[in-house]
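Have a look at the structure below before the remarks.
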Amino acid sequence: MAKYRLNIMYVIDKLETNYPRDQNYIVKYMSEKGHDIIVITSYDRNFAKYDSKAFSNNVKIYRCPRIGNIGKATVFIPKKSGLSSEFDVLHAFTFFTYSSIIAPFLYDSRLRVLRSEVMYPGSMNFHKARKQYYILNLMYRRLYDFVTAYNVVEAKSLEMLGFPRGRICLLPIMIDWNKFHSCIKSFEHDEIVIGTIARLSPEKGVHRLPKIMYLLKNLLEETKRKYRFVLAGRIENKKLSKLVIKKLKEILREKFEYLGEIAPPYPFYKKVDIVLIPSLTETGAITVLEAMAAGKVVIASDIYPINLYIQDRVSGFLFRNEHEAAKILSEILRGKYSIQTLQSKAINYAKRHDYNTICAKLENIYYKGLSSKHSKKR
């Protein structure tokens, strides 16, 4: 298939250019391939200052005035004047966002793509799509040519919502494998560093950390194994964060450190040996893949989609409660498992999610979709 320069528009509620995110990897890859990129997003001074450093010159980012929020969706005044009347590809992010609703009506394009996050059948997002947002779902099916899914489970959800199989494209969560792999280090040293990096909010399960650390401390009472625990992440729930940090300090004393927000997260991964992920809900669970690529021992909640990435006790560990998490940590610190074997399995799995490989598939989706629509017109 002949490749040519595309004129692509991405419409995103919130573009966080200082974090490794799917949309950032997609924009970066497409711009490096020589395509002309325009991004329409909301204004946020915390991220706008990173825009010029994040992408090459053929990426134009229009940050539009924010009006407010509807639920978790950021509402902004989209820019229309001065833009091209038609784009080859319009790619909106994601289900149930302001961007996914306004994009097809405001901007003309030959191909329209939507990223989905409906998750597995039975999830709250799936329930919303089927019941509460029935009309919205109908609109998506009518206006978008393709919908991308993170995995086969999500693809099945989209089929159950009425999307034809031929219009569903698998586009897994992506990471910059080389950058995270550069954070690998030997596990063989005196003091093991356990770490959690996450937004400090209830859904990320940070309130579970004090109990896990308390149980671990008791399990290791008779051993001399040295360890520390570090917590990193943006504070979103002040009351919860203050309580969690206070309890961890009381339990671990000098063995605990709160690092604050670290973006991008590479310094965190260079510091730690074990990554503990206590989340209650996840959409893409990108932290799991980042930690695996960095060669860390990952101990994570046994929830979707984490349990699609980790093969328990082969490439990492899954736990269902705080007692299981503490027991796994104590066993690792006592040397029960072959860390080198775990690292190797994790690294090889994570490599499948490198953004270069996945974005190349997306680029082909763009070309095939445009070619198909052109053939139909003829």
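Relative to the present Cα-Cα distance, how much length would full extension add between GLU203 and ASN364 at 0.36 nm per residue of separation?
54.4 nm
Filter LYS14/LYS60; LYS179/LYS271; LYS14/LYS238; LYS211/LYS247; LYS156/LYS361; LYS14/LYS361 down to the pairs with a C-alpha to C-alpha distance above 18 Å, please.
LYS14/LYS238; LYS156/LYS361; LYS14/LYS361
Near LYS179, within a Cβ-to-Cβ distance under 12 Å, what is the net charge of the other residues, with Lys and Arg +1 and Asp and Glu -1?
Value of the local net charge: -1.
Please identify the chymotrypsin sites (Phe, Trp or Tyr not before Pro) of the stretch 276-343 that satisfy two criteria: DSSP loop assignment and at most 15 other Cβ atoms within 10 Å. Which are they?
In loop regions of the stretch 276-343 (DSSP not H, G, I, E or B), the sparsely surrounded chymotrypsin sites (Phe, Trp or Tyr not before Pro) are TYR337.
Work out, step by step, the length gained on full extension between LYS373 and SER81: first 0.36 nm times the residue separation, then minus their alpha carbon distance; give nm to one decimal.
102.4 nm
What is the stretch 14-115's relative contact order, in percent, from Cα pairs under 8 angstrom and six or more apart in sequence?
It comes to 21 percent, rounded to a whole number.
Highest first, please rank the peptides 242-250, 75-83, 357-365 by the mean number of other Cβ atoms sitting within 10 Å of their residues.
Taking the mean over residues of other Cβ atoms within 10 Å, the ranking is 357-365, 242-250, 75-83.
What's the percent breakdown of Cα-Cα distances in the stretch 141-243 across 5 Å bins, shortest bin first?
Percent of pairs per bin, in order: 2, 9, 13, 11, 11, 13, 14, 11, 8, 5, 3, 1, 0.
Which of the peptides 195-201, 67-73, 54-60 is most tightly packed, and how do the rest follow, going by the mean number of other Cβ atoms within 10 Å of each residue?
Top of the packing list down: 195-201, 54-60, 67-73.
In whole Å, how far is the Cα centre of the stretch 67-114 from that of the stretch 295-364?
35
Return a whole-number percent for the relative contact order of the chain, with Cα pairs under 8 Å and 6 or more residues apart as the contact set.
Relative contact order here is 15 percent.
Quote the FRET efficiency, to the nearest 0.05, computed for ARG45 versus GLU222 with a Förster distance R0 of 35 Å and r equal to the Cβ-Cβ distance.
0.10
If we count every other residue with Cβ under 15 angstrom of PHE55's Cβ, Lys/Arg +1 and Asp/Glu -1, where does the sum land?
+1
Could you work out the local net charge near VAL118, counting Lys and Arg as +1, Asp and Glu as -1, over the other residues with Cβ closer than 13 Å to its Cβ?
Once positives and negatives cancel, what remains is +3.
Where only protein heavy atoms count, and the probe is 1.4 Å, what is the accessible area per residue for the chain in Å²?
Per-residue accessible area for the chain comes out at 47 Å².
What nm value, rounded to one decimal, do you get for the distance between LYS246 and ASN7 when each label is placed 7 Å out toward the C-beta?
5.8
Heavy atoms only, probe 1.4 Å: what % of the accessible area of the chain goes to carbon and sulfur, would you let me know?
Roughly 50 percent, rounded to a whole number.
Pulled fully out, how much extra length does the chain show between GLU188 and ARG130, if you take 0.36 nm times their separation in residues and subtract their Cα-Cα distance?
Answer, rounded to one decimal: 15.8 nm.
So which GluC sites (Glu not before Pro) in the stretch 185-231 end up in coil per DSSP with only 14 or fewer other C-beta atoms within 10 Å?
Answer by residue number: GLU188, GLU221, GLU222.
The values are calculated or read from the model by the stated rules, or taken from the named source; none is laboratory data. Source: prediction; values computed, not measured. For neighbour counting, all protein chains shown are included, and Cβ atoms are generated from backbone atoms with ideal geometry for every residue, glycine included. The protein model used for the area step is the full one, side chains on, heavy atoms only, and it has no ligands, DNA or RNA in it. Shrake-Rupley method; radii C 1.70, N 1.55, O 1.52, S 1.80 Å.
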